[in-house]
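This report refers to the structure that appears directly beneath it.
The values are calculated or read from the model by the stated rules, or taken from the named source; none is laboratory data. Note that the coordinates shown come from a computational prediction; the quantities given were computed from them, not determined experimentally. Positions of Cβ are backbone-derived with ideal geometry, glycine not excepted, and every protein chain shown enters the neighbour counts.
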Ligand SMILES: Cc1cc2nc3c(=O)[nH]c(=O)nc-3n(C[C@H](O)[C@H](O)[C@H](O)COP(=O)(O)OP(=O)(O)OC[C@H]3O[C@@H](n4cnc5c(N)ncnc54)[C@H](O)[C@@H]3O)c2cc1C
């Protein structure tokens, strides 16, 4: 261990899962269903104490394929029915370009975590112990010792029989393995692939929230809905613009010009306030916030001008499916019928986007 001062692990044994994101919680539930208890260490607060979405970095996750299989495996689909929106496919240029016939959902990462933690509370609270607000700072791979700092506490070390890394892209466990396990290497690749998020906060009642909406293909621009709640009854929409270069705008006008040229539909669907946010940047800010009657310390992230994302595969898929759908539409009677287009209304600030 790097800090001998805290190197007093007890002999607790059992399984530690580092990271209470979607992967860590699903793994904990799968183990609990087989009668195997786990301790999950999660650096963030309980998802019920955090806002469900953050306009600056929320993105809509669709759960299909492997995600559906995992949820069926842990018998969690009813929890997702209750909290997320059903997913039926992708629309582009007012046509369905991808049909998803099986069950599927869209929602924010917060929705996913809330669905999984409520399942844990209902069915597995004796087998899954989650330490929220608990950052793991060190792992002794060979001893199975995990050092973590509980909220307001001091660093503590516990030994486990098995340590599972589910701590995401910047994994502390992976870094520890690189340092401590001879021959363990990680191949890294930087993809020239960025995602800029914009909240679509106007006219979205004209979009079908059971579909992801491709708004442009070059650059690839895809919008998805997240279910509303007591604070915002209607669904909220977030749109990601995938680019090979990081987008950076020096003024709101420059951002608008870019959008007008490259994904004009965004300008119908986003208020000028939402567009202005795209070019704001600033340091992370930690604030105390009241949420559902409880106080929680949350990190408010700055607007990210470009976050790494992987849009290229999806863009290609939408392009190909759209060409196919258009070809079919030309040969089938009634096939030319399109879904109604979004009506463009003037922006509240009177800005003239067409000039
Ligand atoms: C723009 C965008 C769109 C996406 N869309 C989709 C989609 O449509 N469908 C889909 O399946 N996926 C999508 N993804 C990917 C999806 O977000 C990730 O695959 C998913 O969140 C990975 O889950 P995870 O649990 O492995 O990791 P994470 O969600 O990163 O969770 C890791 C957890 O570990 C915790 N943690 C990290 N380090 C520590 C530490 N040292 N101590 C304690 N806790 C720690 C973190 O707080 C976090 O809660 C998208 C991603 C992006 C960026």
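For region 113-120, the condition holds for at least one residue, the condition being that it is surrounded by fewer than 19 Cβ atoms within 10 Å (Cβ to Cβ) and under 25 Å from residue 33 (Cα atoms).
For region 134-153, filtering for residues that are touching a residue at least 12 places away in the same chain (Cβ under 8 Å), more than 20 Å from residue 178 (Cβ to Cβ) and in a loop (DSSP other than H, G, I, E, B) leaves 3. Taking region 51-66 as the range and being near the ligand (Cβ under 10 Å from one of its atoms) and modelled with pLDDT under 80 as the test, the residues that pass are 57, 58, 59. Take the conditions assigned by TED's automatic domain parsing to the domain that holds residue 23 and under 28 Å from residue 246 (Cα atoms) and apply them to residue 171. Does it pass? When the stated conditions are applied, residue 171 passes them.
Is it the case that region 172-187 has a residue that's at pLDDT below 95, in contact with a helix residue (DSSP H, G or I) (Cβ under 7 Å, 6 or more places away or on another chain) and within 16 Å of the ligand (Cβ to nearest atom)? Yes, region 172-187 contains a residue that is at pLDDT below 95, in contact with a helix residue (DSSP H, G or I) (Cβ under 7 Å, 6 or more places away or on another chain) and within 16 Å of the ligand (Cβ to nearest atom). Residue 122 meets all of the listed conditions (1) in contact with a strand residue (DSSP E or B) (Cβ under 8 Å, 6 or more places away or on another chain); (2) part of a helix (DSSP H, G or I); (3) modelled with pLDDT of 95 or more but one, namely (1). Residue 205 falls short on exactly one of the conditions (1) under 23 Å from the mean Cα position of the chain (by Cα); (2) over 23 Å from residue 91 (Cα atoms); (3) surrounded by fewer than 23 Cβ atoms within 10 Å (Cβ to Cβ), and that condition is (2). What do you reckon, is residue 101 away from the ligand (no atom under 13 Å from the Cβ), touching a strand residue (DSSP E or B) at 6+ places or on another chain (Cβ under 8 Å), in the same structural domain as residue 213 (by TED's automatic domain parsing) and under 30 Å from residue 217 (Cα atoms)? Judged against the criteria, residue 101 is not a match.
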